[in-house]
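Have a look at the structure below, then the notes.
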Amino acid sequence: MKTPEPFKKNTSASLQGAQLASPGALPTKLNTVAAEVLARLLNYERLTSLDAVHEASTTRLSAVTHYIETKYGWTIKSVSKAVGCRDGRVAWVSEYFLAPEIIAQAMAAGAGVWCAKVRSARRVRRTMAAQARSNAERANASLSNRRPHTGQQDLFD
């Protein structure tokens, strides 16, 4: 198994005192999940995976936040949070957010206009949801109608 390279942060600030943080770049594609997640974080929202399923239509919030950090240079923070489950258990989930000072800097630099454009683009994208569900049903029906390879046997035969 290959061992990953350790992550090195190159900063101009010395290791003494607080590290300086600044906002990252904004994605150019406005109708993507990454853009919506970043826009929600810039709106002071704190997102969990379940929030992302309902609000941003993704089941991979941790992957999206990692992408935003590595591709666009944002520093997204996370904390563990206990949540009560429907079956009576307590589960621990990650909650993602941006530091308020980073949000303030980004908004001062014009991120508010970008966020409004993202909300508009995502609203337009959601109008295609019914067609996407229809296409998915057709694709799944096509898969279930396929016959297995003649040499392939059922696992329990």
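The values are calculated or read from the model by the stated rules, or taken from the named source; none is laboratory data. Bear in mind that the values here come from a model prediction, so they are computed numbers and not experimental data. Cβ sites come from the backbone with ideal geometry, for glycine too, and all protein chains shown count toward neighbours.
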Selected residue (only one of Ala63, Ala91, Ala82 is without any contact (Cβ under 8 Å) to a residue 12 or more places away in the chain, touching a Cys at 6+ places or on another chain (Cβ under 9 Å) and not aromatic (Phe, Trp, Tyr)): Ala91
Taking into account only those residues within region 114-157 that are closer than 19 Å to Glu36 by Cβ and among the hydroxyl-bearing types (Ser, Thr, Tyr), which is modelled with the highest pLDDT? Ser120
It is to be established whether one or more residues within region 24-43 are among the acidic types (Asp, Glu) and within 28 Å of Ala129 (Cα to Cα). yes
